[in-house]
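Accompanying notes for the structure given below.
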Amino acid sequence: MNITLKRTEEQVELVKAMASRNRDVAYEAQQALAEFIGPVLAEVVNQAPTLSNLFSNFSFNDMDSPSIPLDLYYDVTAPDYVKVYSTSVPGGLPTNTVTPTASEMKFTTYRLDSAVDFDKRYAAKSRLDVVGKSFTRIAQEILLRQESTSANLILGALADATTNGAAHYIAANGTDLILDDFNKLLTKAKRINTAWTGGTPEGRIKGVTDLIMSPEAVQGLRAMAYNPINTNSPAGTDIPATDEMRNAIYQNAGIPEFYGISIMEINELGNGQKFTNVWNTAASRTDNDLVIGLDRSRESLFRAVALDSETGAEFSLLADDQYSVRQQKIGYYGSIEEGRMILDDRVLTGITL
């Protein structure tokens with residue numbers, strides 16, 4: 001992620017004006033740049049390939065009290081009460097609330113913010129690179145908080161999710177991911193995702209559209225090109241994958257998808273990594289790794305974001321006026337007010353390793 005300001009005559013003059021000795025001129029220039037960069041920061045954050053952007057967005061006015069009509073997101077045969085997962089504070093573990101299906105669900109929003117400052121002399125010398133790096137830092141800090149909040153919500157909901165008394169995750173055959181594990185996960189997801197009648201769904205339902213994996217788990221997928229894939233043949237009998245399958249894996253070394261399922265590779269999963277530790281805490285387990293299955297064909301993961309009542313922007317970026325003339329600093333303060341929730345935990349499955 002890198003935000004770069006183009007070195008045009010207008011932007012150079014605007015940045016120079018931020019260092020003016022005239023307070024009114026300096027503040028107006030700072031605020032003008034904030035109004036220009038704010039939507040850019042929002043777009044950068046919303047397009048980053050992260051867990052937080054697996055959530056579907058809907059917006060509301062920041063003066064409203066937002067809610068969701070649950071009955072529109074559940075089948076007519078759904079139980080009278082359902083569990084909805086949400087996060088009340090950024091970075092916190094999720095809470096599940098038993099809510100009547102025929103109700104308006106109120107949810108809690110929270111503010112994610114960041115502040116940055118730089119020496120005024122950089123503006124006076126038209127150092128657009130320093131100004132751009134400052135805005136990059138704001139976007140990075142907001143994105144980091146969004147990622148932690150999203151991961152805690154997803155992992156906490158997966159740890160708690162059950163259907164007919166059975167957990168939504170399965171244990172792998174060994175320490176490495178093999179084709180049999182992948183196959184069992186698809187079957188598990190199909191059993192969880194039945195039709196609204198409880199029977200066979202109309203059309204072909206995958207149950208899993210995306211897999212979120214550690215680099216080591218992706219390594220297991222690549223290894224299918226040369227490792228045996230059998231699980232029930234006599235001892236000493238190794239059965240390799242078909243030539244067509246091995247060639248496809250070789251030719252697609254990056255593994256952006258497998259069996260038509262998208263692969264998201266993140267470093268926070270894996271032995272001893274941050275998200276794996278969160279999973280072990282939430283599920284009271286001691287796993288070395290976790291593969292998360294997600295069904296994005298269902299509407300379940302939502303992010304509600306507040307829009308400024310005056311500007312209509314979701315990312316609020318303001319010139320920070322806390323600095324005095326003697327400090328020779330220029331500062332900016334950015335924030336987003338949002339709330340995240342999972343309305344249906346059937347979209348989540350997993351494999352523990």
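The values are calculated or read from the model by the stated rules, or taken from the named source; none is laboratory data. Everything numeric in this text was worked out from a predicted model, so none of it was measured. Don't worry about glycine lacking a Cβ; one is built from the backbone with ideal geometry, like all the others, and counts go over all protein chains shown.
Considering each of Thr136, Thr175 in turn, give the residue that is surrounded by fewer than 19 Cβ atoms within 10 Å (Cβ to Cβ), among the hydroxyl-bearing types (Ser, Thr, Tyr) and either in a strand (DSSP E or B) or in the same structural domain as Ala19 (by TED's automatic domain parsing) (or both). Talk me through it step by step, then tell me what you get.
On the way: Thr175 fails: either in a strand (DSSP E or B) or in the same structural domain as Ala19 (by TED's automatic domain parsing) (or both).
Testing whether each residue is surrounded by fewer than 19 Cβ atoms within 10 Å (Cβ to Cβ), among the hydroxyl-bearing types (Ser, Thr, Tyr) and either in a strand (DSSP E or B) or in the same structural domain as Ala19 (by TED's automatic domain parsing) (or both) leaves just Thr136.
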(request) For region 112-133, enumerate the residues that are farther than 16 Å from Gln328 by Cα, of a type in the set (A, V, I, L, M, F, W, C) and part of a helix (DSSP H, G or I). (result) Leu128
(request) Would you please name the residue that is modelled with the lowest pLDDT, looking only at residues in region 303-323 that are among the small types (Gly, Ala, Ser) and touching a Gly at 6+ places or on another chain (Cβ under 7 Å)? (result) Ala313
(request) Mind counting the residues in region 96-151 that are closer than 28 Å to Ser300 by Cβ and among the hydrophobic types (A, V, I, L, M, F, W, C)? (result) 10
(request) Restricting attention to region 273-331, report how many residues are in a strand (DSSP E or B) and either of a type in the set (A, V, I, L, M, F, W, C) or closer than 24 Å to Ile263 by Cα (or both). (result) 16
(request) Considering only residues that are farther than 14 Å from Gly92 by Cα and touching a strand residue (DSSP E or B) at 6+ places or on another chain (Cβ under 7 Å), look in region 267-284 and name the one that is surrounded by the most Cβ atoms within 10 Å (Cβ to Cβ). (result) Leu269
(message) For region 98-125, give me each residue that is over 19 Å from Ala304 (Cα atoms) and modelled with pLDDT of 90 or more.
(response) Ser114, Ala115, Val116, Asp117, Phe118, Asp119, Lys120, Arg121, Tyr122, Ala123, Ala124, Lys125
(message) Please pick out the residue among Leu72, Leu153, Leu144 that is without any contact (Cβ under 8 Å) to a residue 12 or more places away in the chain, farther than 30 Å from Gln31 by Cα and not in a loop (DSSP other than H, G, I, E, B).
(response) Leu72
